[in-house]
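The values are calculated or read from the model by the stated rules, or taken from the named source; none is laboratory data. This one's a predicted model, so the numbers in the text were calculated from it and none came from an experiment. Here the Cβ is made from the backbone with ideal geometry for all residues, glycine too, and neighbour counts use every protein chain on show.
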Amino acid sequence: MIVGAGGAGLSAALRASELIKGKIVVLEKSKHVGGSTLISGGYLGVVDPVRQLPYGIHDSEEQHFQDISSNADNTGDPELIHHLVSKSKEMLEWLEKAGMRFRPELIEIYGSHFPRCHVPEEPNGYGYISTLVNRSVQNNVELRTGSPVVSLETDKSGAVVGLAYLKDGKLQKINANKGVILASGGFGANPAMVEKFDPRLAGLTCNCAPGATGEMLLQGEKCGAVLKDMNYIQCLPGVPPNGKIRVRFHNDISRFILINTDGKRFVNEDSRRDVLRDAVLSQPGRSCFVIVDREGFESYDLLMRRDAVRGIETGDAYKGSSLKELAEKLGVPPENLTNSVEEYNRLCTTTALGSQHHPIVKAPFWAAKSAMSIHY
């Protein structure tokens with residue numbers, strides 16, 4: 001029995017169907033499967049010499065382990081990090097065997113700190129979800145959508161032996177003689193829980209799936225599970241509180257800069273995600289602009305470009321034939337924006353930025369209005 005039909009739940013379902021005999025049921029409270037994976041950028045960080053070495057990228061599991069550990073100030077569980085790193089290549093190959101397809105190049109995304117992110121052929125997380133659903137159904141996994149779990153059932157010893165869920169408004173109970181896996185995501189879409197565990201983030205928007213409301217975490221706690229690290233809430237650039245469309249110019253750190261309402265660059269874009277979060281939250285209005293040029297715009301997939309075009313209509317994105325025109329549309333001092341971009345371009349010709357960055361030189365220039373959003 002699996003609760004949640006996002007990337008985690010569907011992966012668990014498919015793998016279970018390969019390993020055990022018996023009925024495997026996935027319960028999803030939403031009407032559709034996919035969860036936050038479906039609307040994610042879809043980038044997958046895996047050490048993979050076959051893809052990395054042709055691009056001159058030298059990587060190792062030790063380096064990946066160190067990147068994750070240091071990125072969390074060594075607060076993470078070394079055993080879990082090692083398991084993630086050592087099994088990620090096997091996981092990548094398992095996905096590809098199931099039908100998932102990736103483009104040949106690798107990139108360094110926002111907050112990843114190394115060019116080991118594999119880029120799906122299909123936009124966002126569509127490829128993962130369609131692959132996992134198709135193979136799971138082929139293996140006779142039963143997917144029940146519109147079926148929110150309301151409680152976990154325990155025996156006299158406290159062991160979880162089943163659950164109760166709603167279907168068409170009626171309470172249903174189901175036994176699980178081979179265990180229950182909770183893969184129902186976090187609580188990023190639950191403002192009250194976010195504020196409880198990190199009051200600084202009150203009032204921010206979220207870019208999670210609407211179903212990430214955390215009730216199964218609380219159900220697990222009722223059964224004796226111990227919650228931990230609930231205050232570690234990650235943020236990404238997203239829609240400001242009065243915005244309508246999330247324009248994701250920030251995905252590839254080699255393509256963009258962040259500027260504030262004075263038109264000045266205020267942080268290194270390849271910083272840790274918590275550093276970037278705090279830097280943006282310290283700006284006037286707790287917001288900023290993400291700047292790319294034509295090549296940066298064209299490097300993104302069709303859905304991201306579509307959102308940018310739609311964002312012009314809603315006031316979430318801007319386009320200018322020159323930096324001066326773009327600055328005027330943003331309402332920032334043109335001289336400051338021009339100086340910020342020119343200084344960044346100069347750094348692109350040196351090793352100061354630490355990795356390969358593309359100068360922002362080719363018109364038209366694009367900008368997205370951005371504020372921190374709860375990610376997970």
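Brief remarks follow.
- Scanning the stretch 98-149 for residues that are of a type in the set (A, V, I, L, M) and within 27 Å of Ile291 (Cα to Cα) gives Leu106, Ile107, Ile109, Val119.
- Number of positions in the stretch 8-28 that are surrounded by fewer than 23 Cβ atoms within 10 Å (Cβ to Cβ) and either within 24 Å of His118 (Cβ to Cβ) or among the charged types (D, E, K, R) (or both): 7
- Residues (of a type in the set (Asp, Glu) and surrounded by fewer than 14 Cβ atoms within 10 Å (Cβ to Cβ)) located in the stretch 316-341: Glu335
- The criterion of at least 3 residues that are modelled with pLDDT under 95 and within 24 Å of the chain's Cα centre (by Cα) is met, among helices (runs of 4 or more DSSP H) falling completely within the stretch 280-344, by 302-314.
- Scanning the stretch 360-376 for residues that are assigned to a loop (DSSP other than H, G, I, E, B) and at pLDDT 95 or above yields Ile360, Val361, Lys362, Ala363, Pro364.
- The stretch 226-252 - residue that is among the aliphatic types (A, V, I, L, M) and touching a residue at least 24 places away in the same chain (Cβ under 8 Å) and, of those, surrounded by the most Cβ atoms within 10 Å (Cβ to Cβ): Val247
- Residue check, Arg255 within 21 Å of Gly311 (Cα to Cα), part of a loop (DSSP other than H, G, I, E, B), in contact with a His (Cβ under 6 Å, 6 or more places away or on another chain) and touching a residue at least 60 places away in the same chain (Cβ under 8 Å): yes
- Restricting attention to the stretch 115-130 and to residues that are crowded, with 17+ Cβ neighbours inside 10 Å and charged (D, E, K, R), the residue that is nearest to Leu44 (Cα to Cα) turns out to be Arg116.
- Screening the stretch 225-277 for residues that are at negative phi and among the acidic types (Asp, Glu) and picking the one that is farthest from the chain's Cα centre (by Cα) gives Asp262.
- Residue satisfying all of: in the stretch 107-137; out of contact with any strand residue (DSSP E or B) (no Cβ under 8 Å at 6 or more places or on another chain) and charged (D, E, K, R); modelled with the lowest pLDDT among these: Glu122
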